[in-house]
Amino acid sequence: MAVHIRSSTDADFAATLAIINDAAVAYRGVIPADRWHDPYMSADELNQEIRDGVAFWVSEQDGRIVGVMGIQDKGDVTLVRHAYVVRTTQRSGVGTELLRHVESLVDKPILIGTWAAASWAIDFYRRNGFNLVSTEEKDRLLRTYWSIPARQVETSVVLADARWSRSAAR
Ligand SMILES: CC(C)(COP(=O)(O)OP(=O)(O)OC[C@H]1O[C@@H](n2cnc3c(N)ncnc32)[C@H](O)[C@@H]1OP(=O)(O)O)[C@@H](O)C(=O)NCCC(=O)NCCS
């Protein structure tokens, strides 16, 4: 199977949104009910994220987008934002390849926020070399680098890479 990772273009918008909303079904019944929406992300929200500087990378298999991952430069650090692989292709290595790709693009420490209840996503990042930061540190990091409601701060975790442990920004 021909797999190709490339930078997202305007023409990928609809496919990106569809993949996010397909994969995010995993959150239904898992994340706090007051944070779940169907669809999980609207076109307006995705547009806003792109305007706020989230640059998406897409993984294509035989010409079809099967996974997306965004990175957002925040000065001292880079955030990985919105990592989603279409349900029919999950657990076949697409997410790992996308993560390795975006990691290779930056030399800043990388931070990732996800729902505390999304144990599979936490496993995915841990097996890719990320570690959970303490509760005090995640509260501070989410307030510093993310623009999310207080309720989401409460119910989220932050994972950091090895560069973060050595970083002066800590
Ligand atoms: C998390 C996600 C991006 C990982 O991408 P992926 O291509 O499925 O991951 P990979 O195949 O590279 O890695 C698989 C590993 O991730 C973890 N994992 C991924 N999906 C899992 C699931 N549904 N259940 C349990 N573990 C899972 C496991 O550690 C798995 O290893 P295993 O299959 O040997 O047990 C993808 O599963 C996804 O979109 N999930 C739903 C949305 C989500 O949670 N996004 C993260 C937002 S921060």
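The values are calculated or read from the model by the stated rules, or taken from the named source; none is laboratory data. Nothing here was measured: the structure is a model prediction, and the numbers come from that model. Neighbour counts are summed over all protein chains in view; Cβ atoms, including those assigned to glycine, are modelled from backbone coordinates with ideal geometry. Protein only, heavy atoms only, side chains kept; ligands, DNA and RNA dropped before computing areas. Shrake-Rupley method; radii C 1.70, N 1.55, O 1.52, S 1.80 Å.
Protein heavy-atom accessible surface, 1.4 Å probe, per residue over segment 62-134: 48 Å². When the solvent-accessible area of the chain is split by element, carbon and sulfur atoms take up 47 percent of it, the probe being 1.4 Å. Ranked from largest to smallest solvent-accessible area, with a 1.4 Å probe on the protein heavy atoms, H101, H4 come out as H4, H101.
From the Cα gyration tensor of segment 103-144, with a ≥ b ≥ c the square roots of its eigenvalues, which class applies: rounded if a/c is under 1.5, or else prolate if a/b is larger than b/c, or else oblate? Verdict is oblate for segment 103-144. Taking every protein chain into account, the 1.4 Å probe leaves K74 with about 70 Å² of accessible area, to the nearest ten. How large is log10 I(q)/I(0) at q = 0.23, 0.24 Å⁻¹ when the Debye formula is applied to the Cα atoms of segment 14-112, each weighted equally and without solvent? Debye intensities relative to I(0), on a log10 scale: -1.30, -1.34.
Our helix-only sum for the chain, with -39,500 (n - 2.57) per DSSP H run of n ≥ 4 divided by its residues, gives a mean residue ellipticity at 222 nm of -10000 deg cm²/dmol.
I need the shape label for segment 85-170. Rule: rounded when a/c is under 1.5, else prolate if a/b > b/c, else oblate, with a, b, c from the alpha carbon gyration tensor. Oblate, because a/c is 1.5 or more while a/b does not exceed b/c.
In segment 62-113, taking the dipole from charged Cβ atoms about the Cα centre, the farthest positive-side position among I71, T96, P109 is held by T96. Principal semi-axes of the equivalent ellipsoid, √(5λ) from the alpha carbon gyration tensor of the chain, are 23, 19, 16 Å from largest down.
Dipole magnitude for the chain: computed about the Cα centre from +1 point charges on Lys and Arg Cβ and -1 point charges on Asp and Glu Cβ, it is near 480 debye.
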